[in-house]
Amino acid sequence: MTRRLTLAVAVALAAAGPALSETLPEAVQFERGAVAASLTGMPGDPEAGVKVMTTNALGNCVACHLVSALPDVPFPGDIGPALDGAASRYSEAQLRGIIANSKHTFEGSFMPAFYKTEGYIRPGNAYTGKAATEPLPPILTAAQIEDVLAFVLTLKD
Amino acid sequence: MQCKSKTAAVLAPVLTLAALALPGHANPVDDQLVIEGENGPVEIVTEAPAPDHLKGVLETIYSGWRFRNDETRALERDDFDNPGMVFVDRGRDKWNAPIGAKGESCASCHGGPEAFKGLRAVTPRVDEKTGALMTMENYIDACLTQRMGLESWNWTSTDMSDMLALISMQSRGMAVNVAIDGPAAPYWEKGKEIYYTRYGQLEMACANCHEQYFGHMIRADHLSQGQTNGFPVYRLKDAGLLSAQKRFVGCVRDTRAETFKPNSPEFKALELYVASRGNGLSVEGVSVRH
């Protein structure tokens, strides 16, 4: 498919300068669901990650997951497993893959793909109900994925 | 979906972990609904065996009432407390008002709204005479535009929802029983396809929330089966009445998808399909949700 071409473009872009060193959504390499390399080339900020995880229009992870380390979050959901101890169950690369696009790990998962831009059915413009044209901005940026990851990595048994 | 071949074998251990957290279809509240109304108590079936077409998918169907908290459920036990009842009265005023181009009212042709007892339980349906799929709104609109010389009411207007409330009340306590075979079949199939399609950037289908994960909490919301037997609904959050299709708009929008419009062929088919998943539950008249 066009995968190799996109990759080539991404690599070329990445080579162009530090501002573009982000891995674009379509260039992310999933190995058995896992993503080895940081999407930004830099470690994330766990505190910023908490913000993303608890903000409705961003990660909103707490809509579906309990995180005991965040006791102040009102009404956490129970759709997915509690994230407590997630970093003891999965490697960093596996967690990055799950957060970027969990469907490579859990086939058909209900968990949204946060770092994806196209291939949707009737994509909308955020929560307006109006149409949007692909590629959409991913729900989370590369930096936000790394921030969330940095926090989830602290969740050890 | 994507990468089927890659994931299935390799992640067996991971999938086992996830299996521990597989949806449990937990806890609709154990409770019974008898509504005290003007004409005495009416028993409402809020739990019933799933209709045949859901065999292997759901065993039991539940009204959304069973997923609401104590306070919200209490509001529906007595019409005196039900904030949706004022709209039934407003609908009755509208029914009797000489609004037609020649001064006709609904009453001048139909008599009292009791004439429509049972209609709410079997709509949407394919009209025998015209072969068209008709929601209650379509029937009302046909009279307004073809028989009274009026413009259409906006589909989500208060005029429309007041009239829906009045007509729905005439079937309170009757079992939902929409037809899915014969001329309804192609519409029903189309609605079913929509129900299972994962729309929008969140890639979520009605079935994900209301079939796979009902009973679970999605943040503060206790997910119900998304049944329509309670419609029109008085929604505390909106302090107003909601038609089924207006509710659908909100649910689709929340998946970061482009919604369909009320009265679109898609939402009409979906309304028929969703109603059929509730065949056997009682029409509640005007329900209360939050």
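The values are calculated or read from the model by the stated rules, or taken from the named source; none is laboratory data. No experiment lies behind these values; they were computed from the predicted model shown. For neighbour counting, all protein chains shown are included, and Cβ atoms are generated from backbone atoms with ideal geometry for every residue, glycine included. Note: accessible area is taken over every heavy atom of the protein model, side chains too, but ligands, DNA and RNA are not part of it. Shrake-Rupley method; radii C 1.70, N 1.55, O 1.52, S 1.80 Å.
Condition check ((1) within 27 Å of B:Y273 (Cβ to Cβ); (2) in the same structural domain as B:S282 (by the TED database); (3) touching a His at 6+ places or on another chain (Cβ under 7 Å); (4) at pLDDT 95 or above) across all residues:
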| position | (1), (2), (3), (4) |
| --- | --- |
| B:P49 | yes, yes, no, yes |
| B:Y62 | yes, yes, no, yes |
| B:W65 | yes, yes, no, yes |
| B:R77 | no, yes, no, yes |
| B:G100 | no, no, no, yes |
| B:A107 | no, no, no, yes |
| B:G111 | no, no, no, yes |
| B:A115 | no, no, no, yes |
**Study point:** Condition check for A:I139: open to solvent by 20 Å² or more (accessible area, probe 1.4 Å), in a loop (DSSP other than H, G, I, E, B) and facing chain B (nearest Cβ under 9 Å)
**Key:** no
Exercise for review: Identify, by number, the condition in (1) open to solvent by 20 Å² or more (accessible area, probe 1.4 Å); (2) in contact (Cβ under 8 Å) with a residue 24 or more places away in the chain; (3) within 27 Å of B:T197 (Cα to Cα) that A:E107 doesn't meet.
Suggested key: (2)
**Study point:** Exclusive hit being more than 18 Å from the chain's Cα centre (by Cα) and surrounded by 13 or more Cβ atoms within 10 Å (Cβ to Cβ), set B:F87, B:F116, B:F80, B:F67
**Key:** B:F116
Practice item. Filter the stretch A:110-131 for residues that are of a type outside the set (A, V, I, L, M, F, W, C), open to solvent by less than 30 Å² (accessible area, probe 1.4 Å) and facing chain B (nearest Cβ under 7 Å) and give the result. Key: A:P112, A:Y120, A:P123, A:G124, A:G129
Review point. Is there a residue in the stretch A:113-124 that is closer than 25 Å to A:P43 by Cα and either more than 17 Å from the chain's Cα centre (by Cα) or not in a loop (DSSP other than H, G, I, E, B) (or both)?
Key: no
Check your understanding: Where in the stretch B:81-157 are the helices (runs of 4 or more DSSP H), entirely inside, with at least 2 residues that are in contact with a Lys or Arg (Cβ under 6 Å, 6 or more places away or on another chain) and not hydroxyl-bearing (S, T, Y)?
Key -> none
Check your understanding: Any idea which residue in the stretch B:247-281 is most open to solvent (accessible area, probe 1.4 Å), counting only those that are within 12 Å of chain A (Cβ to nearest Cβ) and in a helix (DSSP H, G or I)?
Key -> B:R253
Check your understanding: From the set of residues in the stretch A:39-81 that are exposed (fewer than 13 other Cβ atoms within 10 Å of the Cβ) and of a type in the set (D, E), which is farthest from the other protein chains (Cβ to nearest Cβ)?
Key -> A:E47
Check your understanding: Looking at this structure, is A:L136 at pLDDT 95 or above, touching a strand residue (DSSP E or B) at 6+ places or on another chain (Cβ under 8 Å) and under 18 Å from A:A57 (Cα atoms)?
Key -> yes
**Study point:** the stretch B:203-215, subset assigned to a loop (DSSP other than H, G, I, E, B) and open to solvent by less than 20 Å² (accessible area, probe 1.4 Å), residue nearest to the other protein chains (Cβ to nearest Cβ)
**Key:** B:E203
